Every structure is written in structure tokens, then in C-alpha cells.
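Structure first, commentary second.
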Amino acid sequence: QVQLRESGGGLVQAGGSLRLSCAASGSIFGINAMGWYRQAPGIQRELVATITRGGTSKYADSVKGRFTVSRDNVENTMYLQMSSLKPEDTAVYYCNADRIWGVWGTRRDIWGQGTQVTVSS
């Protein structure tokens with residue numbers, strides 16, 4: 001079965017940087033659009049950034065200029081480089097793939113388990 005696994009979260013001081021990774025596994029042929037989302041306690045999950053298979057990216061206004069999303073289609077991995085972090089960036093960060101195809105067929109709307117990012121002031 002296909003899985004998405006996030007890594008790279010942790011505790012960082014305001015103004016610092018972190019790089020998140022999202023690795024897909026499970027006999028994969030390819031992945032369509034992917035995205036990063038985040039959810040803070042008591043707040044609805046929100047979109048952070050998306051990236052198409054061709055590399056076109058979009059960002060939430062709150063992270064524009066500070067976060068950069070990228071992907072490696074050979075390694076089936078997506079990244080989120082986060083800089084100038086603020087306490088309000090504290091959340092669990094999730095990766096999503098809208099469609100993955102592999103030896104087992106096609107799966108849609110796949111989510112990882114999330115990784116905690118905590119930014120201290």
C-alpha cells in the first residue's frame with residue numbers, strides 16, 4: 001500500500017529555519033499534485049503550499065516569501081523549506097497527494113501522519 005511519511009519537524013526559535021520532507025513509498029509509478037497543510041490546536045486545517053507534478057507552486061499568503069515547496073519526482077519526495085519562522089507557524093504539518101498511481105492501481109487524496117513544528121518566541 002502507498003504511504004506518505006513526513007519528517008523534519010521539531011522545535012525552533014523564531015526567525016529560524018526548518019526543512020520538512022514528505023516521502024512516498026509503495027511501488028509507485030508517479031504522483032500528481034502534492035501539498036503541505038497545517039493544523040494548529042483549535043484551528044481548522046489550512047493549506048500552506050501546493051506543487052504540481054511539473055513544479056508549479058502556490059502558497060498561502062501567510063507564508064509567501066518565507067516558505068518554499070519543491071519536489072523530486074524520481075525520489076517521490078516533496079520538501080518544504082521554512083525560513084523566518086514565527087510562533088504562529090506552530091502546527092502539525094501534513095503532506096497530501098491528490099493522486100498516486102502504482103502497481104496496485106490509483107489512490108486518491110492520500111495523507112501523511114503529520115510532523116509537529118513548534119516555533120518559540
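The values are calculated or read from the model by the stated rules, or taken from the named source; none is laboratory data. Here the structure is a predicted model, which is why all the values come from computation and not from measurement. Quick reminder, even Gly has a Cβ in these numbers, built from the backbone with ideal geometry, and neighbours come from all protein chains shown. Protein only, heavy atoms only, side chains kept; ligands, DNA and RNA dropped before computing areas. Shrake-Rupley method; radii C 1.70, N 1.55, O 1.52, S 1.80 Å.
Each residue of region 105-121 is assigned a 3J(HN,Hα), and the resulting list reads x, 10, 10, 10, 6, 9, 10, x, 7, x, 9, 7, 10, 10, 10, 8, 8 Hz, derived from the Karplus form 6.51 cos²θ - 1.76 cosθ + 1.60 (θ = phi - 60°), x at Gly and Pro.
Please work out the FRET efficiency for the pair residue 11 and residue 44, using the Cβ-Cβ distance as r and a Förster radius of 35 Å; give the result to the nearest 0.05. Numbers along the way, then the final one.
Numbers: r = 24 Å, r/R0 = 0.68.
So, using R0 = 35 Å, E works out to roughly 0.90.
Centre-to-centre, using Cα atoms only, region 71-112 and region 47-63 are separated by 11 Å.
What the Cβ-Cβ distance of residue 121 and residue 56 gives, at R0 = 41 Å and to the nearest 0.05, is a FRET efficiency of 0.75. Can you check what the net charge comes to around residue 49, using other residues whose Cβ is under 12 Å from the Cβ of residue 49 (Lys, Arg +1; Asp, Glu -1)? Here the charged neighbours net out to +3. Consider a paramagnetic label point 7 Å from the Cα of residue 103 along Cα→Cβ; state which residues of region 23-38 have an amide N under 13 Å from it. Counting only backbone N, you get 26-29. Counting only the backbone N, which residues of region 11-35 are under 15 Å from the spot 7 Å out from the Cα of residue 72 toward its beta-carbon? Once the point is set 7 Å along Cα→Cβ of residue 72, 19-25 turn out to lie under 15 Å by backbone N, inside region 11-35.
I'd like to check one number: the per residue accessible area of the chain, probe 1.4 Å, reported in Å² as a whole number. All intermediate terms of the calculation are to be shown ahead of the outcome.
Values: 6340 Å² over 121 residues.
Result: 52 Å² per residue.
Of the solvent-accessible surface of the chain, computed with a 1.4 Å probe and all protein chains present, 46% belongs to carbon and sulfur. Counting every C-alpha pair in region 69-121, the share spaced more than 12 angstrom apart comes to 74%.
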